[in-house]
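Enquirer: Have a look at this one.
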Amino acid sequence: FGGQLEYRDVLHVFLGEGGVVVVCFSMVRILEECGAGGTGGQAEDSEWNTLTFWLASVYAHAPRAPLILAATHCDMIPSAQFQAACNSLDAILERVLALVPGVGMQLVHNAAGRLCFFPVDNTRKTRPETVVALRRALDEAVRTVLQAEKELPVEWVLTLRRLLEVASERTQLRLPLVLTLEESLEVAATQGVSNATELRQCLATLSAAGHLLYFPNVDAASHQVVLDPAWLGALFADVAFPSRAKSARAAQSRVGEGRVALADLEVLWEAHGLSADQRGAAVDFMTRLSLVVLSGDSFVIPTKLPRRTWQRQQRDQDRSRMVVFNFRGWLQSLVDTLLPRLLCKVLLADPLFEADSLSRDAAELRYDQQVKCVIFQDDVDPGLICVLPELTSSSDDELALVSALTRSIELCMDKLTEETFRHLVVRLSIFCPRCPYQPGHVRDLGELLERKEGSPAFCDVTGAKLGEVEAMPGWCQWRRQRALEAEAAKQNQVSQGSRSEHVQVCCTSAGAAVHSTVEVTSLVKIMLEVFFFSGDICKAQVYLAGEQAHSYKHRGG
């Protein structure tokens, strides 16, 4: 797929570990931009920045996929200067690769040319051997991937082959590359897959390998199969970029300020020939992939929202109340595509969140209609995604809501990074209170929350001793105190042994009653509050000896 800016927002749909990645770039352009040790300037579309972005993306999304660097247009370099140009480019690429530690392990080297890349003659006339060398390296990389994959039942391989043939046939007929589960079963049955259960297992495996898209637990999408992920990416590109649209009306009236009216979307669906079921599935697929989010009578496209750099006047005071996700270093180039997807997930995952304002790089949110917070990319330190709660008091109720708010955002980031990076974890952090440097370094909040009472922490930069209270915002101290009380209750329960009693807890969530038995402690209420913060339980009643002893209700439900 193309490396244009519009494809950056959907790269997570394509990049996977079941294939070989070939990153192509202009040999002439990067030599012109990066001559004499330069980095091509600060332009977003400079060859240096573009190459850095794609290398970071490959390592983040497909850390075990073989990577080949193809330098195109080498035929434009005079023969007398060719070897010197190759040596210069090799040194430039070594500098780029050093910015993304780990991606070098994926690199397929050009052993014959003793280079980290493969020059390509676009004319195939001046240096035709370059194309032969690239094809040979690509074939070898594909064989390596195939040898590493687990064996699949023959029927599943035949089903995949037949589904690809169906996709080709539907492409020629200009039909949507979507099949219902029933239609897929008809195709699979001819290849020996006899029942729906086996078909779902087959589709889930093929989807994980990147051959197609199938999400068994996502509403309408669970009944539809996208035969080619590239088709869905192109469909989203038509939604997000008016110039690509096939409908004149849609091209004129869509994507104003990052929103698509439902009526305009219907025009687009009609232009693509989608049935009513396929339209619902397309929306579910895009929602599942954090590309769009429904808001009133329109869909929000987070990656197309206008930018709004969040300017903070009281930076030092903000730092003491703020928590951050640290994407400094090679991950920084991915924040631009990651933050909109995080905002999308937060609004979808927790109904207690409402957006007061939304932009590509900042959002003002309200939680449970009471507490406000801002999520934004730091204007001074763009490698940080910051969460800044607005506290009006230090009451237990407000601290509890802020703790629940940040925990919900943290869970969304965990889910997003799990889907995106797989091998990397980005933890919620706070600014080190003793660090004199700007921007200051950050500390893992989870590590501070779990630190035992009286155990000191130290600044990694200055070596200064940090107290637990001093190192955390007020709501973090509140959360730590609740965790300590819960741990004390657990220890007390163990020490009581046979004297502990049992109670029945009836929890009502989304209209369904869930009964469980728990042991009585002096802090049953604290334990139930922990459940409330997860956002899953709306109401809980505690019964002791058959009679209701306590009733608790979550503020949001």
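One line per residue, one yes/no per condition, for (1) under 18 Å from E47 (Cα atoms); (2) assigned to a loop (DSSP other than H, G, I, E, B):
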residue: C86; (1), (2): yes, no
residue: L89; (1), (2): yes, no
residue: L93; (1), (2): yes, no
residue: P101; (1), (2): no, yes
residue: D121; (1), (2): no, yes
residue: K125; (1), (2): no, yes
residue: T130; (1), (2): no, no
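Enquirer: Does segment 17-27 contain any residue that is of a type in the set (S, T, Y) and modelled with pLDDT under 90?
Expert: Going residue by residue through segment 17-27, those that are of a type in the set (S, T, Y) are 26.
Then keep just the ones that are modelled with pLDDT under 90; that gives none.
The answer is no; no qualifying residue exists.
Enquirer: Among helices (runs of 4 or more DSSP H) lying entirely in segment 161-246, which contain 1 or more residues that are out of contact with any helix residue (DSSP H, G or I) (no Cβ under 9 Å at 6 or more places or on another chain) and either over 25 Å from E419 (Cα atoms) or not basic (K, R) (or both)? If you could, list the steps in order and put the result at the bottom.
Expert: Values: elements: 181-189, 196-208, 229-240.
It comes to 181-189, 196-208.
Enquirer: Does segment 96-146 hold any residues that are closer than 30 Å to L424 by Cα and free of Cβ contacts under 8 Å to residues at least 40 places away in the same chain, and which are they? Give the derivation first.
Expert: Within segment 96-146, the first condition is being closer than 30 Å to L424 by Cα, and the residues that meet it are 96-110, 115-118, 137-146.
Matches in segment 96-146: A98, G104, M105, H109, N110, L115, D139, E140, R143, L146.
Enquirer: Right, another one. Restricting the search to segment 103-119, which residues are surrounded by 15 or more Cβ atoms within 10 Å (Cβ to Cβ) and small (G, A, S)?
Expert: Matches in segment 103-119: G104, G113.
Enquirer: Could you run through segment 55-94 and say how many residues are within 15 Å of T130 (Cβ to Cβ), among the β-branched types (V, I, T) and open to solvent by less than 10 Å² (accessible area, probe 1.4 Å)?
Expert: Keep residues of segment 55-94 that are within 15 Å of T130 (Cβ to Cβ), which gives 68-77, 79, 82-83, 85-86, 89-90.
Among the residues that remain, those that are also among the β-branched types (V, I, T) are: 68, 72, 77.
Next, only the ones that are open to solvent by less than 10 Å² (accessible area, probe 1.4 Å) stay: 68.
Total meeting the criteria: 1.
Enquirer: Mind checking whether some residue in segment 371-378 is over 23 Å from the mean Cα position of the chain (by Cα) and surrounded by fewer than 20 Cβ atoms within 10 Å (Cβ to Cβ)? Don't jump to the end; show me each part of the working.
Expert: Keep residues of segment 371-378 that are over 23 Å from the mean Cα position of the chain (by Cα), which gives 371-372.
Those left that are additionally surrounded by fewer than 20 Cβ atoms within 10 Å (Cβ to Cβ): 372.
Among the residues of segment 371-378, at least one is over 23 Å from the mean Cα position of the chain (by Cα) and surrounded by fewer than 20 Cβ atoms within 10 Å (Cβ to Cβ), which makes the answer yes.
Enquirer: In segment 407-419, which residue that is out of contact with any Leu (no Cβ under 7 Å at 6 or more places or on another chain) and in contact (Cβ under 8 Å) with a residue 60 or more places away in the chain is farthest from S320 (Cα to Cα)?
Expert: So the first thing to find is which residues in segment 407-419 are out of contact with any Leu (no Cβ under 7 Å at 6 or more places or on another chain), and the list is 407-409, 411, 414-415, 418-419.
Among the residues that remain, those that are also in contact (Cβ under 8 Å) with a residue 60 or more places away in the chain are: 407-409, 411, 415, 419.
Numbers: R407: 18, S408: 20, I409: 19, L411: 22, K415: 26, E419: 31 Å.
Only one residue tops the list, namely E419.
Enquirer: Of the numbered conditions (1) over 26 Å from L331 (Cα atoms); (2) open to solvent by 20 Å² or more (accessible area, probe 1.4 Å); (3) at pLDDT below 80, H441 fails exactly one; give the number of that condition.
Expert: The one condition H441 does not meet is (1).
Enquirer: Any residue that is in contact with an Asp or Glu (Cβ under 9 Å, 6 or more places away or on another chain), more than 20 Å from L274 (Cβ to Cβ) and in contact (Cβ under 8 Å) with a residue 40 or more places away in the chain - is there at least one of those in segment 158-167?
Expert: Yes - at least one qualifying residue is present in segment 158-167.
Enquirer: While we're on this one: Being in contact with a Ser or Thr (Cβ under 6 Å, 6 or more places away or on another chain), over 19 Å from V426 (Cα atoms) and either hydrophobic (A, V, I, L, M, F, W, C) or at pLDDT below 85 (or both) narrows it down to one of L294, L352, L265, L305, so name that one.
Expert: Working: L294 fails: in contact with a Ser or Thr (Cβ under 6 Å, 6 or more places away or on another chain); L352 fails: in contact with a Ser or Thr (Cβ under 6 Å, 6 or more places away or on another chain); L265 fails: in contact with a Ser or Thr (Cβ under 6 Å, 6 or more places away or on another chain).
Only one candidate passes the filter, namely L305.
Enquirer: Check E198, E149 and return the single one that is open to solvent by 50 Å² or more (accessible area, probe 1.4 Å), over 30 Å from S26 (Cβ atoms) and either modelled with pLDDT under 95 or of a type outside the set (A, V, I, L, M, F, W, C) (or both).
Expert: On the way: E198 fails: open to solvent by 50 Å² or more (accessible area, probe 1.4 Å).
Only one candidate qualifies: E149.
Enquirer: Okay, next question. Of the residues R135, R170, which is modelled with pLDDT of 90 or more, touching a Pro at 6+ places or on another chain (Cβ under 9 Å) and on the phi < 0 side of the Ramachandran plot? Before you say what the answer is, go through the steps one by one.
Expert: Numbers: R135 fails: touching a Pro at 6+ places or on another chain (Cβ under 9 Å).
Result: R170 is the single residue among R135, R170 that is modelled with pLDDT of 90 or more, touching a Pro at 6+ places or on another chain (Cβ under 9 Å) and on the phi < 0 side of the Ramachandran plot.
Enquirer: If I ask for residues that are within 16 Å of K304 (Cβ to Cβ) and open to solvent by 10 Å² or more (accessible area, probe 1.4 Å), which ones from segment 344-370 would you list? Break it down stepwise before answering.
Expert: Looking only at segment 344-370, we keep the residues that are within 16 Å of K304 (Cβ to Cβ), and these are 344, 347, 355, 357-363.
Once the filter is applied, which keeps residues that are within 16 Å of K304 (Cβ to Cβ) and open to solvent by 10 Å² or more (accessible area, probe 1.4 Å), segment 344-370 yields L347, A355, S357, L358, R360, D361.
Enquirer: Restricting the first residue to segment 197-214 and requiring it to be under 17 Å from G19 (Cβ atoms) and among the acidic types (D, E), which pairs with a second residue that is open to solvent by less than 10 Å² (accessible area, probe 1.4 Å) and modelled with pLDDT of 90 or more meet a Cβ separation below 6 Å and a spacing of at least six or different chains?
Expert: The qualifying pairs do not exist here.
Enquirer: Hey, another quick one. So how many residues does segment 319-331 have that are under 11 Å from I385 (Cα atoms) and buried (at least 19 other Cβ atoms within 10 Å of the Cβ)? Break it down stepwise before answering.
Expert: Taking segment 319-331 first, the residues under 11 Å from I385 (Cα atoms) are 322-328.
Next, only the ones that are buried (at least 19 other Cβ atoms within 10 Å of the Cβ) stay: 322-327.
So the count comes out to 6.
Enquirer: For segment 390-397, indicate whether the set of residues that are open to solvent by 40 Å² or more (accessible area, probe 1.4 Å), farther than 24 Å from L99 by Cα and part of a helix (DSSP H, G or I) is non-empty.
Expert: Restricting attention to segment 390-397, the residues satisfying the condition of being open to solvent by 40 Å² or more (accessible area, probe 1.4 Å) are 390-397.
After this cut, where a residue has to be farther than 24 Å from L99 by Cα as well, the list is 390-397.
Cutting the leftovers down to part of a helix (DSSP H, G or I) gives us 396-397.
Yes, the conditions are met somewhere in segment 390-397.
The values are calculated or read from the model by the stated rules, or taken from the named source; none is laboratory data. Bear in mind the structure is a predicted one, so any value in this text is a computation, not a measurement. Positions of Cβ are backbone-derived with ideal geometry, glycine not excepted, and every protein chain shown enters the neighbour counts. The accessibility values were calculated without ligands, DNA or RNA, using every heavy atom of the protein model including side chains. Shrake-Rupley method; radii C 1.70, N 1.55, O 1.52, S 1.80 Å.
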